[in-house]
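Inspection log for the structure reproduced underneath, given as structure tokens.
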Amino acid sequence: MSKIMAIRIGANPIIWSNDDLPSIGGGTSLQDCLSQARRAGIEGMELGNKFPRTVDGMKSALEPHGLDFISGWWSCNLLTHSVEKEIEDFQPRLALLKGMGCTVCIVCETSNAIHGDINAPLSTRPVLDDWEWRHFAERLTAFGTYLQDNGIALVYHHHMGTIVQDRADIARLMDSTGESVNLLLDAGHALWGGSDPAELARCYAGRIGHLHGKDVRPLKRAQADLADYSFLRAVLSGVFTMPGDGCIDFARIMRELPEYSGWIVLEAEQDPDLAQPLLYARMGRNYLHDVLIQTGHRQ
């Protein structure tokens, strides 16, 4: 595949309806989400809690809107059970991904995560000791190898409130896992977690298998850090926004990824009653389209 037009712009339905706090956007229908995504120029969608979970159902939902299915978040529990159990639990999702022609699976360890607890300050997020890291890395690599054997790349989502949050966590993850584990670079989570997203792109360019386009409002981040908000409380305060509306220079990131081919997926965990989804999705899509032209990824 040539470099030009190798990157497509997708969206996560979290722009319309939040998975961690379903009351946010709870009244927004799937049809409204999909029709607005297409009107905003979006080419594909990730999985959300209102989406079908079968191949026939997914095709019926997306095809009328001319949207492709990109992938979806998989909450793994490799700290608490075996790789064999993880693979067994994963079978319905594997059937969906393979049936829809997906090439990546978004994975995050959530057995001890706190990002879904509105009362848990981020200072209480889980931290692994050396033995736990070895245990986790071995199992994650084995799970990644299983996915790889099925034609799907495991892309690990570093995320606030989980065991892989800051720059040291990301380095530990990448250093201790095998080549079957790739990185999902989420610009918003990277910056808030204390990393420079462009530096991550430069350091791990060869293992970055998926991109999430999320921006940060610096003042809201500072307030959340100072008051030790929970993840969801910070989300409700407006810490995240669309690319082009925050402080992240996405052109810096993309210049570090000249050979990247795949999706960049818009996300902004905002209240749709306060941040109109169609307006923000169109803003983010147009900003990223312009960035990709600037960096030579699109004409």
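The values are calculated or read from the model by the stated rules, or taken from the named source; none is laboratory data. Fair warning: this is a prediction, and the values are worked out from it, not measured in the lab. Note that we place each Cβ from the backbone using ideal geometry, even for glycine, and neighbour counts take in every protein chain shown. Calculation scope for accessible area: heavy atoms of the full protein, side chains included, ligands and nucleic acids excluded. Shrake-Rupley method; radii C 1.70, N 1.55, O 1.52, S 1.80 Å.
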Identify, please: which residue in the range 276-299 is β-branched (Val, Ile, Thr) and in contact with a helix residue (DSSP H, G or I) (Cβ under 8 Å, 6 or more places away or on another chain) and is, among those, least open to solvent (accessible area, probe 1.4 Å)?
Val291
Scanning the range 1-42 for residues that are surrounded by 15 or more Cβ atoms within 10 Å (Cβ to Cβ), in contact (Cβ under 8 Å) with a residue 60 or more places away in the chain and in a loop (DSSP other than H, G, I, E, B) gives Asn12, Trp16, Ser17, Asn18, Asp20, Leu21, Ile24, Gly25, Thr28, Ala40, Gly41, Ile42
Out of the residues in the range 178-228 that are of a type in the set (S, T, N, Q) and not in a helix (DSSP H, G or I), state the one that is nearest to Asn150 (Cα to Cα).
Ser180
Can you give me the number of residues within the range 66-94 that are assigned to a loop (DSSP other than H, G, I, E, B) and either in contact (Cβ under 8 Å) with a residue 40 or more places away in the chain or more than 21 Å from the chain's Cα centre (by Cα) (or both)?
8
Applying the selection to the range 123-166, what residues are basic (Lys, Arg) and either free of Cβ contacts under 8 Å to residues at least 24 places away in the same chain or open to solvent by 60 Å² or more (accessible area, probe 1.4 Å) (or both)?
Arg134, Arg139
Restricting the first residue to the range 258-275 and requiring it to be open to solvent by less than 10 Å² (accessible area, probe 1.4 Å), which pairs with a second residue that is of a type in the set (Asp, Glu) meet a Cβ separation below 7 Å and a spacing of at least six or different chains?
Val265/Glu46
Given the structure, is Gly48 open to solvent by less than 10 Å² (accessible area, probe 1.4 Å), out of contact with any strand residue (DSSP E or B) (no Cβ under 7 Å at 6 or more places or on another chain), closer than 24 Å to Leu211 by Cβ and not polar (S, T, N, Q)?
yes
